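Here the structure comes first, spelled out in structure tokens, and everything after it is commentary.
The values are calculated or read from the model by the stated rules, or taken from the named source; none is laboratory data. The structure displayed is predicted, hence computed values, not measured ones. Glycine also receives a Cβ, built like all others from the backbone with ideal geometry; neighbour counts cover every protein chain displayed. Ligands, DNA and RNA are excluded from the accessible area calculation, which covers all protein heavy atoms including side chains. Shrake-Rupley method; radii C 1.70, N 1.55, O 1.52, S 1.80 Å.
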There are 4 protein chains.
Amino acid sequence: MNIKNIQKQLSDFANERDWDQFHNPKNLSMALSVEASELVEIFQWLTPEQAKVIMNTDEGEHVQEEMADIMIYLIRMADKLNVDLGSAVDDKIIKNGKRYPVSLSKGNAKKITI
Amino acid sequence: MNIKNIQKQLSDFANERDWDQFHNPKNLSMALSVEASELVEIFQWLTPEQAKVIMNTDEGEHVQEEMADIMIYLIRMADKLNVDLGSAVDDKIIKNGKRYPVSLSKGNAKKITI
Amino acid sequence: MNIKNIQKQLSDFANERDWDQFHNPKNLSMALSVEASELVEIFQWLTPEQAKVIMNTDEGEHVQEEMADIMIYLIRMADKLNVDLGSAVDDKIIKNGKRYPVSLSKGNAKKITI
Amino acid sequence: MNIKNIQKQLSDFANERDWDQFHNPKNLSMALSVEASELVEIFQWLTPEQAKVIMNTDEGEHVQEEMADIMIYLIRMADKLNVDLGSAVDDKIIKNGKRYPVSLSKGNAKKITI
């Protein structure tokens, strides 16, 4: 995924519509969490088993769109805050490895919360 | 960002800890929204002006980590659901362009909700 | 507010529709957070000043309905988990008083997170 | 539950700490959704069956506290917006009854979203 290229597209999109005025990090964090909840909404009444096969149902496209919306706001926010998402992810995976040593975390759901 | 490579790392990470059993799409959507709220929490009492300069404060690293957590769960979920995040984003940007024509959307916050 | 009475109404409502099967605490926590996000969505692009006068706009009824939805799911969840909401609130206010002593918390937004 | 009495306590609590300045409806909607996510976090890796017996585990008190936090912010917001929560709930239950007629909604999870 070419993050820089998407950031340019999203920036142009916002500027053309005079929406940049609304895109401060506080508002973007709200919009991001709203999109995350729209994804949750799709799964809220499903059993874990139904959730696993969601892409084979007529909700599949909806799932994909909500995931795209989350990605879009995350990339937009990274642009506004000058965060390098790739480096941030790399750093966090290393940190998580130290925080959850295999020996202590094996099969333990309580230890998962990151 | 090399999504495939990160997906492999996250999959290995989960398998080593026997966490794959917890990573159904329903649970991952919950975890993703929890991380999004942890980002919101940082901004909840700040003015929009304070939010804009958050990266210059001692909360900057925290912001970056929460953004990484969101990205990590989104990539993990895309792996479990076989969603191509790059294509999903491209498709959604095109769709948003049609949904929010420049002439009707200019400076109109009410029209922004995607 | 007569919580017991509302719980009876909500329980009857669910039973008449065979929805009780979906109302386990995990699913209800998801539904509750989705409703909370629908409230956030109303405010996401507003300035704090615009937010303060929301009830005088045509979004006022919408705000009231989303707040009702949150209350409804919270009361439903309290019923399913046998939680006495009134006592829980009383206990939490006392706890917050100890956690945030006036002398240390005065005007300090960072100390607010509960 | 005596909402008016709790509103008075919460208002005094905020005033004593100079926190009223942070309690505009936008910020309160964020805080409310953050608390809702803290409730979701408790359930995120549990099976529906484990979720049902949560009150018998050492997470029971935690659940009760997060539910109280949600209630507290909802009551605080109702105070700031002059919303009568009791009436709002009554109105919404009537509206839901019309929106989800028993005959069309029976056992149908897709129809539940409110």
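Could you give the nm distance between label points at B:K95 and C:N82, where each point is 7 Å from its Cα heading toward the beta carbon?
Placing both labels 7 Å along Cα→Cβ, they lie 4.5 nm apart.
Taking region D:24-64 on its own, what percent of its Cα-Cα pair distances exceed 13 Å?
Value for region D:24-64: 58 percent of Cα pairs lie more than 13 Å apart.
In this model, which of A:K4/B:K26; B:K26/D:K52; B:K8/C:K26; B:K8/B:K95 are farther than 24 Å apart at the alpha-carbon?
A:K4/B:K26; B:K8/C:K26; B:K8/B:K95
Give the average, rounded to an integer, of partner chain Cβ atoms located within 10 angstrom of each Cβ in A:54-61.
Mean inter-chain Cβ contacts per residue within 10 Å come to 2.
Please report the projected area of the protein assembly as shown's Cα convex hull averaged over all directions, in nm².
Average of the hull's projected areas for the protein assembly as shown equals 20.7 nm².
With runs of 4+ DSSP H residues as the only contributors, calculate the mean residue ellipticity of chain D at 222 nm using -39,500 (n - 2.57) per run, divided by the residue total and rounded to the nearest 500.
Computed ellipticity for chain D at 222 nm equals -22000 deg cm²/dmol.
Could you state the number of Å between the C-alpha centres of region C:56-85 and region B:30-103?
27 Å
With every protein chain left in place, what is the accessible area per residue of region A:55-114 in square angstrom, probe 1.4 Å?
Per residue, region A:55-114 has an accessible area of 48 Å².
Peptide D:80-87: average number of partner chain Cβ atoms within 10 Å per residue?
Neighbouring Cβ atoms belonging to other protein chains average 5 per residue here.
Tell me whether region D:49-114 comes out rounded, prolate or oblate; compute the Cα gyration tensor, take square roots of the eigenvalues as a ≥ b ≥ c, and use a/c under 1.5 as the rounded threshold.
oblate
Using a 1.4 Å probe and counting only protein heavy atoms, arrange C:E66, C:E61 so the residue with the most accessible area comes first.
Ranked list, largest accessible area first: C:E61, C:E66.
To the nearest hundred square angstrom, how large is the accessible surface buried between D and C, total for both chains, probe 1.4 angstrom?
When D and C are taken together, about 6100 Å² of accessible area is lost.
I'd like the accessible area for B:D58, computed on protein heavy atoms only with a 1.4 Å probe and all protein chains in place. Round to 10 Å², please.
Per-residue accessible area (B:D58): approximately 120 Å².
Give a residue-ordered list of calculated ³J(HN,Hα) values for region A:91-101 (Karplus: 6.51 cos²θ - 1.76 cosθ + 1.60, θ = phi - 60°; whole Hz; x for Gly, Pro).
Working through the residues one at a time gives 4, 5, 5, 4, 4, 5, x, 6, 6, 10, x Hz.
Please compute the average number of Cβ atoms from other chains found within 10 Å of each residue's Cβ in peptide A:5-15.
Per residue, the number of nearby Cβ atoms from other chains is 2 on average.
Any idea what angle helix A:25-43 forms with the longest principal axis of chain A, computed on alpha-carbon atoms, 0 to 90 degrees, nearest 10?
50 degrees
For chain D, modelled as a GNM with alpha-carbon contacts under 10 angstrom, which of D:L39, D:L28, D:L81 fluctuates the most?
D:L81
Counting only protein heavy atoms and a 1.4 Å probe, tell me what percentage of chain D's accessible area is made up of carbon and sulfur.
48 percent
Over chain C, consider all pairs of different Cα atoms and compute the Kirkwood hydrodynamic radius from their mean reciprocal separation; express it in Å, one decimal.
In chain C this quantity evaluates to 16.7 Å.
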